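**Q** One structure, as structure tokens, below. Some questions next.
Please treat every number below as a calculation from the coordinates, not as lab data. Computed from a prediction, not measured in an experiment: that's the story for all the values here. Using ideal geometry, Cβ is built from the backbone for each residue, glycine included, and neighbour counts are taken over all protein chains shown.
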Amino acid sequence: MIKEHDHSITIEDLIPHRGRMKLVNRIIEIDENRAVTSAVVTEQWPLFNGIEVKPLVLVELAAQTAGLSNGLERIKLYGINADKRGWLAGIKRCELLSGNIPCGTEIITIAENIFAFENYRQVSGKTYIHSRLAGKCILQVVGADSAHQSNG
């Protein structure tokens, strides 16, 4: 397990998101099945209306957090240069318990694989604002085909 003091692997090594679409600011804890992250809402985020973001962004935070742990597994199997791409293929269940989220709010996200087969995962995602559950979901994610991975 990697804790937040280990900086040998970066967020950018684990997921392809950049610019406005990279929402996760910090990895708190990570292993191949589970990740805990922190993100702070900024005016650059998608769904930002000048004051706050819509809670739908919590689903993307859960997907990116899942991508981090699955990216760590990919690196261990195929090397640091392996394909980082992955797709949110479905939302099996989602409950958003928060209203709009103001700029500057810290969101803690926990994503854990609950089922895995080859490059397919079902992920349980939970987001917290001020230690209160803000959203929970079950996501279906698919990573790039392992047959096309680089060993570099």
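**Q** Measure nothing but the geometry: give the 0 to 90° angle between the long axis through the Cα atoms of 57-78 and the longest principal axis through the Cα atoms of the chain, rounded to 10°.
**A** Relative to the chain, helix 57-78 is tipped by roughly 20 degrees.
**Q** Next question, about the same structure. Mean residue ellipticity at 222 nm from the helices of the chain, using -39,500 (n - 2.57) per DSSP H segment of n ≥ 4 over the full residue count, to the nearest 500 deg cm²/dmol? Could the numbers behind the result be given before it?
**A** Numbers: 2 runs with 26 residues, N = 152.
For the chain, the value works out to -5500 deg cm²/dmol.
**Q** Can you work out the FRET efficiency for the pair ARG20 and ALA116, with r the C-beta to C-beta distance and R0 = 35 Å, to the nearest 0.05?
**A** Computed FRET efficiency for ARG20 and ALA116 comes out at 0.75.
**Q** Could you name the lysines in cross-link range of LYS76, using Cα to Cα under 27 Å and dropping any fewer than eight places away on the same chain?
**A** Reachable lysines: LYS3, LYS22, LYS84, LYS126.
**Q** Take every Cα pair under 8 Å in the chain that's 6+ residues apart, average their separations, divide by the length, and report that relative contact order as a whole percent.
**A** Once normalised by length, the contact order is 25 percent.
**Q** Another question, if that's okay. Express in nm, to one decimal, how much length is gained between GLU12 and LEU77 on full extension, taking 0.36 nm for each residue of separation and deducting their alpha carbon distance.
**A** Separation in residues times 0.36 nm, less the Cα-Cα distance, equals 21.7 nm.
**Q** Here's something else I'd like to know. Which Cys residues of the chain have no other Cys Cβ less than 4.7 Å away and so no disulfide-compatible partner by this rule?
**A** CYS103
**Q** Related question: If I stretch the segment between LYS54 and ILE91 completely, what's the gain in nm (0.36 nm per residue apart, minus their alpha carbon distance), one decimal?
**A** Contour length minus the Cα-Cα distance gives 11.6 nm.
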